[in-house]
1. If you take the residues in segment 305-336 that are assigned to a loop (DSSP other than H, G, I, E, B) and without any contact (Cβ under 8 Å) to a residue 40 or more places away in the chain, which one is farthest from residue 382 (Cα to Cα)?
2. Among the residues of segment 169-212, which ones are part of a helix (DSSP H, G or I) and over 24 Å from residue 102 (Cβ atoms)?
3. Given the options 151, 165, 172, name the one that is out of contact with any strand residue (DSSP E or B) (no Cβ under 9 Å at 6 or more places or on another chain), free of Cβ contacts under 8 Å to residues at least 24 places away in the same chain and at positive phi.
4. Just to verify a result, which residue in segment 261-284, among those that are modelled with pLDDT of 95 or more and outside any loop (DSSP other than H, G, I, E, B), is nearest to residue 105 (Cα to Cα)?
5. Got a number for residues in segment 45-60 being closer than 11 Å to residue 390 by Cβ and surrounded by fewer than 15 Cβ atoms within 10 Å (Cβ to Cβ)?
6. Identify, please: which residue in segment 230-264 is under 18 Å from the mean Cα position of the chain (by Cα) and more than 22 Å from residue 123 (Cβ to Cβ) and is, among those, surrounded by the most Cβ atoms within 10 Å (Cβ to Cβ)?
7. Take residues that are touching a helix residue (DSSP H, G or I) at 6+ places or on another chain (Cβ under 7 Å), modelled with pLDDT of 75 or more and closer than 19 Å to residue 5 by Cα and tell me which of the strands (runs of 3 or more DSSP E) falling wholly in segment 28-120 contain 1 or more.
8. Is there a residue in segment 385-397 that is free of Cβ contacts under 8 Å to residues at least 12 places away in the same chain, more than 30 Å from residue 242 (Cβ to Cβ) and surrounded by fewer than 17 Cβ atoms within 10 Å (Cβ to Cβ)?
């Protein structure tokens, strides 16, 4: 699963990406600083089960810090999007092509209203950030409409003559975006489209792709630059759009992450505060800057918001859960004796069989049953995993 960082130029996308990944990318206050997508690794933060069990774990595929498990995830910083992108304006074609890879979107919005629709600097509060939400979602709809609607009437008639259904045609055309047939079927049902598909209008198809986009590529709003006075009222306006909205200061998170890497402060991404060790390494100027972050960002909103966006993208938008597979259910270890070695992010509704196949194809194909490591109960291959489950898979392949 991959999350894309999207938005207009100069809204703070690259700062958000750098803060989330500590990857060095160009950051400047002019449009189209990002002309190529930046790929990076960030981390989803969740409470580790080690504390509940009173164990000291030895993670392999993730990290555990003070009982918090940090699981690596993929994110991509995409070139800025401007009105008209679906027709190729700005870097629109490049943006939309790269967007195909993303399963969910974090839309970084300049909540302060200090950049216009194309990302050019203006007076704080002069621009309504709700307009940015409207334009981005409009461009996504128009982009998908161009893909679905090309020669629609002619192709739909051929489909009707062949006895095929409309959902197959829609999902085939949007397969490059990761749209499934079930999502197409759900979209058609919710739109209320009836009759022969060859008679559907472009307006009908526009409503259809709008519903499909919200399911296939859900998004949340990162209301960035929350430390600026004009942002406060705009956050309320952004929430009224109906999209999940999280106040954010990407600049503050980047400063805290860099200070933490240099051991000037003690800070974990997502923490509500930081601690300055009594070592004398922090200068008075640095202390003043850190205190400003505490007063203007951490105290008012409880964190910088960056980690909250990452967590929400996977846990809320993509509806994923964290589970812990182990080989020895009595000791919670793998074959090498590592305690709670792996934490897996899987879609809610994943069965034990599907997890086994994800771990190793041969183990999944030859699975016999599973064991709930918390209580020793035997589990069938159709058992639906729950968040924080610790499970062991018993297969003929492992026994051999």
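1. Taking segment 305-336 as the starting set, the residues that turn out to be assigned to a loop (DSSP other than H, G, I, E, B) are 305, 318-319, 326-327, 329-332, 334-336.
In the following step, the residues that additionally are without any contact (Cβ under 8 Å) to a residue 40 or more places away in the chain were identified as 319, 331, 335-336.
Values: 319: 19, 331: 24, 335: 25, 336: 28 Å.
Applying the filter and picking the extreme gives 336.
2. Our first condition is that a residue be part of a helix (DSSP H, G or I); within segment 169-212, this holds for 169-173, 175-177, 181-191, 197-199, 202-212.
Matches in segment 169-212: 189, 197, 198, 199, 202, 203, 204.
3. Working: 165 fails: at positive phi; 172 fails: at positive phi.
One residue alone meets the criteria, 151.
4. Per the stated criteria, the residue is 266.
5. 1
6. Start the filter on segment 230-264 by keeping residues that are under 18 Å from the mean Cα position of the chain (by Cα), which leaves 242-250, 253.
Going one step further and asking which of them are more than 22 Å from residue 123 (Cβ to Cβ), we end up with 242-246, 253.
Working: 242: 8, 243: 16, 244: 16, 245: 21, 246: 24, 253: 26.
Selected residue: 253.
7. Values: elements: 38-47, 63-65, 68-77, 104-110.
Hits in segment 28-120: 38-47, 68-77, 104-110.
8. Narrowing segment 385-397 to residues free of Cβ contacts under 8 Å to residues at least 12 places away in the same chain: none.
No, segment 385-397 contains no residue that is free of Cβ contacts under 8 Å to residues at least 12 places away in the same chain, more than 30 Å from residue 242 (Cβ to Cβ) and surrounded by fewer than 17 Cβ atoms within 10 Å (Cβ to Cβ).
The values are calculated or read from the model by the stated rules, or taken from the named source; none is laboratory data. Values in this document were obtained by computation on a predicted structure and should not be read as measured data. FYI the Cβ positions are ideal-geometry reconstructions off the backbone, even for glycines, and counts take in every protein chain you see.
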